[in-house]
Amino acid sequence: MDAARMGRTLSRIAHEILERHPRVGQLALVGVRTRGVPLARRLAQLIGESAATEPSVGALDITLYRDDFTTLAPQPITGGTDILFSIDGRTVVVVDDVLFTGRTVRAALDQLIDFGRPARIELAVLVDRGHRELPIRADYVGRTLSTAHDEAVKVLVVEEDGRDEVVLKKKRSRTPRKATAKTASKRRAPSKGGQARASRKKAAKVRPKSRKPRKARPTARSTVRRRR
């Protein structure tokens, strides 16, 4: 998806939101950091162009609400949550770039409820790539993609990446580490003296041991001749 198509997709989502909720004063858009926030601001601007009034826009950082929070870094970096208005009795549309397993949306809902009791919560995403692990469905979808688990969907926005684009690519497989200087030094060829000692040891192992010839045992005939 290029910049032009992304713009048309966001315009369509904005019109769908406005059709369901013409009372813009009771509407609020809350983006999930990082790229859900600029998308929410664009949707609010597009809604304002048609309704002459822009809905309130907020931002959610769901880092501390993730179900895998204990597996993150000891001091995870958070972008902060900015909701400077009351959500009580309002229709809140959560905006995110990609809907995948649904765990990010679950964390966003948990955090959003801590700020008040909205009349209704809806979800708008630019890309739905499937593979849900929770019973979560988006109300507004820009595009649905059929993806595999080893593929990654990357949404790029001008505000964060310098361009608008949606990229689908394979995840990188783990490759063996390159040999460092320390390990490379251990693999270096031995010195001349070491090579000579190694060759002598090898020759000694290969060379068969000399055995003394066994004396032939006297037979019965030879003993009889001696007695004669």
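What relative contact order, as a whole-number percentage, does segment 1-156 give when Cα pairs under 8 Å and 6 or more residues apart are counted?
Working: 282 pairs, mean separation 36.0, N = 156.
That works out to 23 percent.
Summing +1 for each Lys or Arg and -1 for each Asp or Glu, what net charge is found among the other residues whose Cβ lies under 14 Å from the Cβ of ALA148? It would help to have the intermediate numbers written out before the result.
Numbers: positive: ARG129, LYS169, LYS170, LYS171; negative: ASP150, GLU151.
Taking every Cβ under 14 Å from that of ALA148, the sum is +2.
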FRET E, pair ALA4, ARG66, Förster distance 45 Å, beta-carbon r, rounded to 0.05: 0.85
Arrange the peptides 121-129, 47-55 so that the one whose residues have, on average, the most other Cβ atoms within 10 Å appears first. 121-129, 47-55
Prolate/oblate/rounded call for segment 22-154, Cα gyration tensor, a/c under 1.5 rounded: oblate
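Peptides 161-172, 93-104: what's the order by average Cβ count within 10 Å, highest mean first? Can you show the working numbers first?
On the way: 161-172: 12.5, 93-104: 22.1.
Listed from highest to lowest mean packing, they are 93-104, 161-172.
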Contour minus Cα-Cα distance for ILE136 and ARG12 (0.36 nm per residue): 42.5 nm
Distance (nanometres) between label positions extended 7 Å along Cα→Cβ at LYS169 and PHE85: 3.7 nm
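Readers should treat all values here as calculations from the given coordinates under stated rules, not as data from a laboratory. All figures in this text were calculated on a predicted structure; none of them were measured in a lab. As a convention, Cβ positions derive from the backbone with ideal geometry for all residues, glycine included, and neighbour counts pool all protein chains shown.
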